[in-house]
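Structure record follows, encoded as structure tokens.
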Amino acid sequence: NNQILIQNDTAMNFYVNGSNSLKIDSAGHVTKPNQPAFHAHKNGTDQNNFATGSNTIVWSAERFDQSSDFDLTENRFTAPVTGKYFLQVQVRFENLDTAASYYILNITTSNEGYNHIIDPDYFDSDAIYYTMGFSVLADMDANDTAMIYVNQLAGTAQTDIDGNPEYTWFSGHLVC
């Protein structure tokens, strides 16, 4: 049997294949150290003058990646198990072009695409800074992926993505 339960006055620990999979402390706090959870950011690296059309947001670093499911080379999260995943993104744009028809920030999973759209005509002139962000509870199967794209239709390729990790990031975790 590969499951072990260790209980004492301060905590109850559940081990599977030698790894602490669940801990309940004396106050009732439950921690699951292998639960999928990640936070990726650009680590100060701007993405400059992205082209009109669809662009993958490139991530440079991870604040954390609890079960090693985020791939910085491919800029994507891969679900290790089937479940519902809370995914959220925030991107700070610089120099939005009012001549563009729209900008779409997109979380794309293997099963579905989720979009946040703006019409830059709302601004009197090119916006120096504009932050877009949203979240979704996404249904993902094991080995499904999630990536972030931005799409600009028409206008000039002048918009940048701010690389400051306080402004531009992508995170998620398994809910159930």
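The values are calculated or read from the model by the stated rules, or taken from the named source; none is laboratory data. All values derive from a computational prediction rather than experimental measurement. Cβ placement follows ideal geometry from the backbone for every residue including glycine, while neighbour counts extend to all protein chains displayed. Just the protein is used for accessible areas: all its heavy atoms, side chains included, with ligands, DNA and RNA removed. Shrake-Rupley method; radii C 1.70, N 1.55, O 1.52, S 1.80 Å.
Observations on the structure shown:
- Value of relative contact order over segment 23-105, rounded to a whole percent, pairs C-alpha under 8 Å and six or more apart: 24 percent
- The modelled label-to-label distance between ASN13 and ASP119, using points 7 Å beyond Cα along the C-beta direction, is 5.9 nm.
- Of the GluC sites (Glu not before Pro) found in segment 62-102, the ones in coil according to DSSP and having at most 13 other Cβ atoms within 10 Å of their Cβ are GLU74.
- Applying 0.36 nm per residue to the separation of VAL30 and TYR129 and subtracting their alpha-carbon distance, the gain on full extension is 31.6 nm.
- Segment 51-121, accessible area per residue, ligands and nucleic acids excluded (1.4 Å, Å²): 45 Å²
- Computed over Cα pairs, the Kirkwood radius of the chain leads via Stokes-Einstein (0.692 mPa s, 37 °C) to a diffusion coefficient of 184 µm² per second.
- Spacing of the modelled spin labels on GLU112 and LEU153, each 7 Å from Cα toward Cβ, amounts to 2.2 nm.
- Within the shell defined by Cβ-Cβ distances under 14 Å, the residues around VAL16 carry a net charge of +2, with Lys and Arg each +1 and Asp and Glu each -1.
- Segment 78-176: Rg to Rh, with Rh as the Kirkwood radius over Cα pairs: 1.04
- Solvent-accessible area assigned to carbon and sulfur over the chain amounts to 46 percent, based on a 1.4 Å probe.
- Of THR82, THR31, THR109, the one that fluctuates the most in a GNM where the chain has Cα springs shorter than 10 Å: THR31
- For TYR167, net neighbour charge (Lys/Arg +1, Asp/Glu -1) across residues whose Cβ lies under 11 Å away: -2
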